Structure formats: C-alpha cells, structure tokens
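A.B. asks: This structure is in structure tokens; I'll ask about it shortly.
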Amino acid sequence: MLVLGIDPNYLSVEFPQTVYANAFNTMEQALLYRHIVPKICWKLQKWLQIGEEKKLSRAWQTFDRFLYERISSRKANMEKKEEEFDLLTAYMAEEEEEEVKEDEQISALRKTDKFLRDTAFSFLGAGNDTISSGLVWFFWLVATHPSVENKILKEIKATIVMHKKEDGERRFFFNTKQANNLVYLHAALCETLRLYPPVPYNHKIAGQADILPSGHHIKKNQTVLISYYAMGRMEEIWGNDCLEFKPERWISEKGCIVHVPTYKFTAFHAGPRNCLGKDKALIQMKMVASAVIGNYHVKVAKGHPVLPRNSIILNMKYGLKVQLSKRSLL
C-alpha cells in the first residue's frame, strides 16, 4: 500500500498465495546463489537457462509484469486527476512538476517505464522485506526474553495514551511523536538489528588498489565481502557479552540512546552510503512493535523451528508461528 498503492490481501485469514510475492522471494534466493558460487558457474547457467538462473529469469519476468501493471495504473490515475498517495505516485508526480536540471537525455530516461520499474523495485526491496525481517526477529527475541518484554510494556504504558473503543474495549493508539519517546523499545530494536541485520552481508569492489587497516592488500576490481552478521557478533567490537540480547547496551546513564558509529553498527550501512530510510524504518518498526506488544502477548508456538532462510534478506525460513493473547489493560 505504501509503495505501490495496492492491497494484496496478503495478511488475510486465508493467507492466499500471491504470485508476485513468491517471485520476489525466488529472486532474493537466486541472488544469494550468485554470491556463493564462482561467477563463471552462474553465468553459464544463465546462458543455458538452467538451475537457479532459470528460476531467477522466470521470477524476474513475473515481477516485471506486476510492476509495469502498477506503473500503468498509477499513470492512468494521474491522468484522471485522482488523488491517491503512495511512494511511486509521489515520485512520478515530483518528476512531472520538477524542472529537471540534467540534460534532456537523462531527463527522458528518468521518465521511462524501465526507470520507474527500477525505482519501484528499489522502494520495495529497501523498505519492505528489510522491515518485516527485522520485526520477525524482534518478536522472537522479545518472546524468548520475558524481562525485555516487561520493560517494553512498562514503557509503552507510561508513554502512550490508551483509548476506549466504541464497544468499550480499551486499546493502545499512538502517533509518531509518541513512538519516538520509546527509548527502551528503540534500544531493543537496535539490539535486534545488531544480532540479525536484515541485509546480513555486503560486498564492495575496489576502484583502485589499496591496503586495508588490517594490512591486507586489495587489488583493483577485487571484490571484498563484508559480513554484517558476523560483525554484530564479534567480541572485539561489542565486548564479552556480544552474543547476548541486551538492549541496555544502547542506553546511556541519562536514559538516552547511545550514539554508535555507523561503521560499528552496520545494519543501515555506513558513511556516505548510510540508508536514507533509516529514520522512517525505525519509526515504522516502533509503531508496529508498540501496537502488537501493547495489546497482545506473543508466545512462540512450541516446537516451531527458528532458522534463517538462504536469501540476501535475513528472513526466517519457516516464518514465525506464534500464539497471540489479548492483554488485560487497566
């Protein structure tokens, strides 16, 4: 809804299979495959259209059709002057109104369906699976650490106003400003992202030959693979308790969030390439987490396996199966 202005009913009780959502998952898994086999292997598979590359090609075509349909739909609505908001429509409207200062060739490129498709794909990839991945690991960690859940609930009750619904039921409702005041919840989310970064690794290609601070020599065009997952669990970076889920490490003695350099906490990348949507992502996660924990007790189903899926996004292989029970709010 936020990115493309479409409700796929993906979270309905029946949980229908959504073709393009499955295609997106297939693409993520195939891209991971490209990182763990020699380049010549996946290049050959792509040429022969076999194995993971065949799956990727079919999934890509499916997802492309879906995105082009959404782009056509958004353009039709804009022509009819129908006022709707989603990120893709807002981006297209901005491109129409803004006086593009680039040359005509670049300006024309930015308005093509292919460019809009790439933009929409970026919106979905960066702002959809990453947030859901972080939240799933968060709920699992909170459900398995009762003391953390109690502290979060206590903070929610002290910060967020409770409203009475028409049927007499009392529930927590809140706004963005209130969510920003949830310091302990913010810390718990950061701690989750440290242990389970939605993008668990990254790679860079050296533009020039260089020497790393460790003394390793890097050749021009050499690929360097960076494991954010491993960095979040390194004792020399995070201390002896690096494997513990400990939100307190993010809170200062004055009760404020401790500033951690992006090159240490890499869940949102680092330096000039730090994620532009970091603040939006954290606000969304806090609002969802507050709504769920404030109103429900989450208990992981007995015997449910918790494993990461082989993908470029650190999702749970089997999802997170839980039992929800409404809280008694006083």
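Since every read-out is calculated from the coordinates, none of them should be taken as a lab result. Predicted model only: the values in this text are computed from it and were never measured. Positions of Cβ are generated from backbone atoms using ideal geometry, with glycine treated the same way; all protein chains shown enter the neighbour counts.
A.B. asks: Can you work out the Karplus-derived ³J(HN,Hα) for every residue in the range 260-277? Use 6.51 cos²θ - 1.76 cosθ + 1.60 with θ = phi - 60°, whole Hz, and x for glycine or proline.
C.D. replies: 10, x, 5, 6, 9, 9, 9, 4, 10, 6, 8, x, x, 9, 4, 4, 5, x
A.B. asks: Just to be sure I understand the model, the point goes 7 Å from the Cα along the line to the Cβ. What's the resulting Glu253 to Arg309 distance in nm?
C.D. replies: Result: 4.6 nm between the two label points.
A.B. asks: Give me the percent relative contact order of the chain, please, defined on Cα pairs under 8 angstrom at least 6 residues apart. Can you show the working numbers first?
C.D. replies: Working: 385 pairs, mean separation 57.8, N = 330.
Across the chain, relative contact order equals 18 percent.
A.B. asks: Please report how far the C-alpha centroid of the range 258-288 lies from that of the range 143-158, rounded to the nearest whole angstrom.
C.D. replies: When both Cα centres are located, 23 Å separates them.
A.B. asks: Something else about it: What ratio of Cα Rg to 2.2 N^0.38 Å holds for the chain?
C.D. replies: Working: Rg = 22.3 Å, N = 330, 2.2 N^0.38 = 19.9 Å.
Expressed relative to 2.2 N^0.38 Å, the Cα Rg reads 1.12.
A.B. asks: Could I ask something else about it? Using a Förster radius of 30 Å, what is the FRET efficiency between Ala76 and Lys43 based on their Cβ-Cβ separation? Nearest 0.05, please.
C.D. replies: It comes to 0.15.
A.B. asks: By its C-alpha gyration tensor, with a ≥ b ≥ c as the square roots of the eigenvalues, how is the range 134-330 shaped: rounded for a/c under 1.5, else prolate for a/b larger than b/c, else oblate?
C.D. replies: Prolate is the answer for the range 134-330, as a/c is 1.5 or above and a/b outweighs b/c.
A.B. asks: Stretched out fully, how many nm does the piece from Lys177 to Asn221 gain, at 0.36 nm a residue minus the Cα gap?
C.D. replies: 11.3 nm
A.B. asks: Hey, rough spin-label estimate for Gln323 and Val288, points 7 angstrom out along Cα→Cβ, what's it come to in nanometres?
C.D. replies: The two pseudo-label positions are separated by 2.4 nm.
A.B. asks: OK, next. For the chain, what does -39500 (n - 2.57) per DSSP helix run (n ≥ 4), summed and divided by total residues, give at 222 nm, in deg cm²/dmol to the nearest 500? Can you show the working numbers first?
C.D. replies: On the way: 13 runs with 159 residues, N = 330.
Result for the chain: -15000 deg cm²/dmol, rounded to the nearest 500.
A.B. asks: Please compute the contact order of the range 134-330 in relative form: average sequence separation of alpha-carbon pairs under 8 Å and at least six residues apart, divided by the residue count, as a percent.
C.D. replies: Value for the range 134-330: 25 percent.
A.B. asks: To continue, here is another question. Using amide H atoms built in the peptide plane, which far-off residues or other-chain residues are under 5 Å from Ile226 H to H?
C.D. replies: Amide H neighbours of Ile226, under 5 Å, 5+ apart: Asn202, His203, Lys204.
A.B. asks: Same structure again: Indicate, rounded to the nearest 5 percent, the antiparallel portion of the DSSP beta bridges found entirely in the chain. Write out the running numbers ahead of the final one.
C.D. replies: Values: 17 of 18 bridges.
That works out to approximately 95 percent antiparallel.
A.B. asks: Can you put Lys286, Lys177, Lys204 in order, fewest other beta carbons within 10 Å first?
C.D. replies: By the 10 Å Cβ count, ascending: Lys177, Lys204, Lys286.
A.B. asks: Near the amide H of Tyr296, under 5 Å away, which other amide H atoms are found, from residues 5 or more places off or on another chain, if H is placed in the peptide plane?
C.D. replies: Arg327
A.B. asks: Return the long-range amide H neighbours of Ala267 (sequence gap of 5 or more, or a different chain), with a cut-off of under 5 Å between placed amide H atoms.
C.D. replies: Distant-sequence amide H within range of Ala267: zero hits.
A.B. asks: Which whole-angstrom value gives the distance between the alpha carbon centres of the range 1-41 and the range 179-235?
C.D. replies: 24 Å
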